[in-house]
Amino acid sequence: MTEVVLGAAALAKTYIAGDGSPVPVLVDVALEVAAGESVAVVGESGTGKSTLLHLLGGLDRPSSGDVLWQGHRVTEWDDETLAQRRARTVGFVFQSHHLLREFTALENVTIPQLLLGVPPARARERARDLLARLGLEARLHHKPAQLSGGEQQRVAVARALANHPPILLADEPTGNLDPRSSDRLADLLFEVHRYYNTALVIVTHNVQLARRADRVLQLDNGRLVPTSIGSSAALPSPV
């Protein structure tokens with residue numbers, strides 16, 4: 001059987017409003033994603049898609065329920081343990097690339113590996129291989145300001161994969177790109193996800209991007225439910 005590498009069980013998140021009243025965002029969310037599987041999460045703005053991704057990636061803690069990475073309950077770990085294991089387990093791609101602007105593309109992909117103790121020569125080799133696979137072999141020594149928006153986001157994808165994570169999470173990865181760059185990034189994102197056999201979860205308003213996933217789920221009243229992608233009308237419009 002294919003290993004389930006990312007899971008959520010009875011996951012809930014409630015915020016407290018300024019007047020002290022509870023504001024439930026996620027309610028009883030259940031999810032399993034296998035190695036090599038891709039899942040797109042869609043929903044109207046404000047329904048909690050990014051909140052869900054942050055919980056799945058260990059960037060925030062749930063009000064109740066569990067997140068599981070390769071069968072391990074993330075919610076049982078203290079902050080230090082969580083941070084250490086997150087660096088090895090989860091790769092993130094955000095709408096804004098968050099590259100270190102003073103460093104080159106090669107350095108941006110090398111640094112996360114150095115932080116985990118990978119020898120510099122091996123880290124640079126891994127960074128070169130990833131950037132080449134993403135079509136950036138001629139841009140290794142360019143800083144973010146010297147790259148197009150699509151190229152910057154491709155560097156961000158390479159950085160997310162630098163530490164061989166079994167889980168890849170993407171929050172509106174094409175949201176800031178023009179249509180041509182968006183299509184190019186989507187092609188490459190799914191190519192590397194399949195090549196490295198990562199579990200991929202994408203939060204997106206992009207109908208065409210969502211349709212590329214093995215499954216599409218919709219956040220509806222705080223719960224994840226299957227949704228058809230037979231027509232663009234089946235998916236919520238951007239807000």
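Values in this text are rule-based calculations from the coordinates and carry no lab data. Quick caveat, the model's predicted, so the values are computed rather than measured. As a convention, Cβ positions derive from the backbone with ideal geometry for all residues, glycine included, and neighbour counts pool all protein chains shown.
Among Gln95, Asn197, Gly57, flag the residue with its Cα farthest along the positive direction of the charge dipole of the chain, charges on Cβ as +1 for Lys/Arg and -1 for Asp/Glu. Value computed over the given set: Asn197.
Would you please classify the overall shape of segment 165-207 from the alpha carbon gyration tensor, given that a ≥ b ≥ c denote the square roots of the eigenvalues, rounded means a/c under 1.5, and beyond that prolate means a/b larger than b/c while oblate covers the rest? It comes out oblate by the Cα gyration axes. Modelled spin labels at Glu191 and His142, positioned 7 Å past Cα toward Cβ, are 1.6 nm from each other. For the chain, the longest principal axis of the Cα atoms and the long axis of helix 179-195 meet at an angle of about 90 degrees. When +1 charges are put on Lys and Arg Cβ atoms and -1 charges on Asp and Glu Cβ atoms, the dipole computed for segment 128-239 relative to its Cα centre reaches about 160 debye. If only the Cβ of Lys and Arg carry +1 and only the Cβ of Asp and Glu carry -1, the dipole of the chain around its Cα centre is close to 640 debye. Taking a ≥ b ≥ c as the square roots of the eigenvalues of the Cα gyration tensor, an a/c ratio of 1.5 or more together with a/b larger than b/c marks segment 4-228 as prolate. Once the chain from Asp60 to Arg223 is taken as fully extended at 0.36 nm per residue, the excess over their C-alpha distance is 56.9 nm. Look at the dipole of the chain built from charges on Cβ: of Thr81, Gln153, Leu140, the Cα furthest out on the positive end belongs to Leu140. Taking the C-alpha atoms only, the angle from helix 149-160 to the longest principal axis of the chain is near 80 degrees. Of Pro22, Gln70, Leu130, whose Cα points farthest to the positive end of the dipole of the chain (charges on the beta-carbon: +1 Lys, Arg; -1 Asp, Glu; origin at the Cα centre)? Looking along the dipole axis, the top candidate is Leu130.
Calculated [222 nm] ellipticity per residue, helices only, for the chain: -10000 deg cm²/dmol; basis is -39500 (n - 2.57) per DSSP H run with n ≥ 4, divided by all residues, nearest 500.
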